[in-house]
1. Is the C-alpha gyration tensor of region 1-142 telling us rounded, prolate or oblate? Criteria: a/c under 1.5 is rounded; beyond that, a/b larger than b/c is prolate, otherwise oblate.
2. Give the angle, between 0 and 90 degrees and rounded to the nearest 10, that separates the Cα long axis of helix 81-100 from the longest principal axis of the Cα atoms of the chain.
3. Once you list every other residue whose beta carbon is under 15 Å from the beta carbon of Ile153, what net charge do they have if Lys and Arg are +1 and Asp and Glu are -1?
4. Straight-line reach from Lys124: which aspartates and glutamates have Cα under 14 Å away, leaving out those fewer than 8 places along the same chain?
5. Using protein chains only and a probe of 1.4 angstrom, how many square angstrom of Tyr104 are accessible, to the nearest 10?
6. In the structure shown, do any of Lys20/Lys164; Lys18/Lys174; Lys20/Lys132; Lys20/Lys145; Lys6/Lys103 have a Cα-Cα gap over 18 Å, and if so which?
7. For every helix of n ≥ 4 consecutive DSSP H residues, a contribution of -39,500 (n - 2.57) applies; sum these over the chain, divide by its total residues, and give [θ] at 222 nm rounded to the nearest 500 deg cm²/dmol.
8. Leaving out ligands, DNA and RNA, and with a 1.4 Å probe, what % of the accessible surface on region 3-169 is carbon or sulfur?
Amino acid sequence: MDSKNKNGLILIYTGNGKGKTTAALGTAFRSIGYDWNVCIVQFVKGNWKYGEMESVKLIPNIELHQMGKGFCKIMGDNIPESEHRSAAENALEFATEKMLSKKYELLILDEVFVAISTGILSEKKVIEFLKKKPNEMNLILTGRKATKKIIGIADLVTEMKEIKHPFKKNILAKKGIDY
Ligand code: ATP
Ligand code: MG
C-alpha cells in the first residue's frame with residue numbers, strides 16, 4: 001500500500017441519473033496512473049456482460065468480481081430472494097477480506113445501495129464494514145438510493161441528477177456506453 005496516501009476517503013455516487021458506476025470506474029482509471037491497486041466488487045449485477053469486465057483484464061493492477069445474481073425483483077427475476085441475499089452477504093464478506101488484506105488503495109462496492117434498498121443486504125452490516133476501513137484506504141460506494149446514515153459517514157457524496165436519458169425515448173442500453 002502507498003504510504004504517502006495517509007487518509008483515505010469514503011465516496012458515494014448515487015441518484016437516478018446515469019454515471020454512478022462510470023464515475024467509480026473513472027476514478028479507478030485515474031488511480032491506476034499512480035500504480036494503485038484497485039478492487040471492484042459488484043453487487044446485484046451478475047447475468048449481464050459489461051465492457052469493464054474485459055477492460056480490467058488489460059490492466060494488471062485492477063480486479064473485478066461480479067458477485068450478484070442479476071437484477072433483483074425486476075426484469076423477470078425468478079431467483080429466490082434467499083439466493084440474492086446470500087450472494088449479497090457473501091459479496092460483503094468478500095469485500096471485507098479484500099479491505100482487511102490492505103493490498104488495495106481503492107476498493108469499489110458497485111451497486112451496494114441497490115442491494116440495501118431491495119432488502120437483500122442490511123444497512124447495519126454495511127455500516128459495520130465501513131467502521132473497519134483501514135485509514136489509508138479509499139472506498140467508493142455506488143447505487144441509487146444511498147441511505148441517510150451512510151451519507152452521514154461518507155466524505156464525498158455526489159447525486160447524479162437525470163436531466164435527459166435516451167431511455168425516455170425508448171432507446172435501449174447501448175454497448176460501450178451503458179454496458
Ligand atoms: P453507468 O453504469 O452507465 O454509470 P449508473 O451506474 O449510473 O450507470 P445504474 O443505476 O447502475 O446507473 O443503471 C444501470 C443501467 O441503467 C445503465 O445501463 C444506465 O445507463 C441505465 N440508466 C442509468 N440512469 C438511467 C435513467 N435515469 N433512466 C434509465 N436508465 C438509466
Ligand atoms: Mg451502476
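1. Prolate is the answer for region 1-142, as a/c is 1.5 or above and a/b outweighs b/c.
2. Approximately 20 degrees, to the nearest 10.
3. Overall, the nearby charge balance is +4.
4. The qualifying aspartates and glutamates are Glu89, Glu93.
5. That residue has around 10 Å² of solvent-accessible surface.
6. The answer is Lys20/Lys132.
7. About -9500 deg cm²/dmol.
8. Looking at region 3-169 in its full context, I get 54 percent from C and S.
The values are calculated or read from the model by the stated rules, or taken from the named source; none is laboratory data. Because the structure is predicted, anything quoted here is derived from the model rather than measured. Cβ sites come from the backbone with ideal geometry, for glycine too, and all protein chains shown count toward neighbours. Please note that ligands, DNA and RNA were not included when accessible areas were found on the heavy atoms of the full protein model with its side chains. Shrake-Rupley method; radii C 1.70, N 1.55, O 1.52, S 1.80 Å.
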